[in-house]
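A quick write-up on the structure given underneath.
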């Protein structure tokens, strides 16, 4: 399995730790194929998606109770390699 490097990780400061923990448990426990249905049913504020990005990512953008915008991302086409995607994007 090929992994894409994810160089940035964010540390989020929340207003209500218990509320944030409960939100994460309710909203972020899902199977990859049904993430959009799951988070909608959990009452998440979906900003965009799911959408297929040119860099071979299926992304869903949502907002947590503290107003942080989170992007959930997974590989869209499992057959494409990183180099295939770069070739498509750069032409």
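The values are calculated or read from the model by the stated rules, or taken from the named source; none is laboratory data. From a predicted model like this one, the values you see are computed outputs, not experimental measurements. Using ideal geometry, Cβ is built from the backbone for each residue, glycine included, and neighbour counts are taken over all protein chains shown.
Give region 30-53 a look and list any residue that's touching a strand residue (DSSP E or B) at 6+ places or on another chain (Cβ under 9 Å), under 18 Å from residue 20 (Cβ atoms) and at pLDDT below 80, or say none.
If the condition is that a residue be touching a strand residue (DSSP E or B) at 6+ places or on another chain (Cβ under 9 Å), under 18 Å from residue 20 (Cβ atoms) and at pLDDT below 80, then 30, 39, 44 are the ones that fit.
Based on this model, can you work out whether residue 66 counts as at pLDDT below 75 and surrounded by fewer than 14 Cβ atoms within 10 Å (Cβ to Cβ)?
Considered against the rule, which asks whether it is at pLDDT below 75 and surrounded by fewer than 14 Cβ atoms within 10 Å (Cβ to Cβ), residue 66 comes out as no.
When the residues of region 72-84 are narrowed to those that are assigned to a strand (DSSP E or B) and farther than 25 Å from residue 19 by Cα, which ends up farthest from the chain's Cα centre (by Cα)?
By that ranking, first place goes to 75.
Condition first: under 22 Å from residue 15 (Cα atoms) and in a strand (DSSP E or B). Now tell me which residues in region 33-71 satisfy that. Before you say what the answer is, go through the steps one by one.
First pass over region 33-71, keeping only residues under 22 Å from residue 15 (Cα atoms): 39, 42-47, 61-71.
Those that are under 22 Å from residue 15 (Cα atoms) and in a strand (DSSP E or B): 45, 46, 47, 61, 62, 63, 69, 70, 71.
Only one of (1) more than 12 Å from the chain's Cα centre (by Cα); (2) modelled with pLDDT under 85; (3) not in a loop (DSSP other than H, G, I, E, B) is not met by residue 87, so which one is it?
(2)
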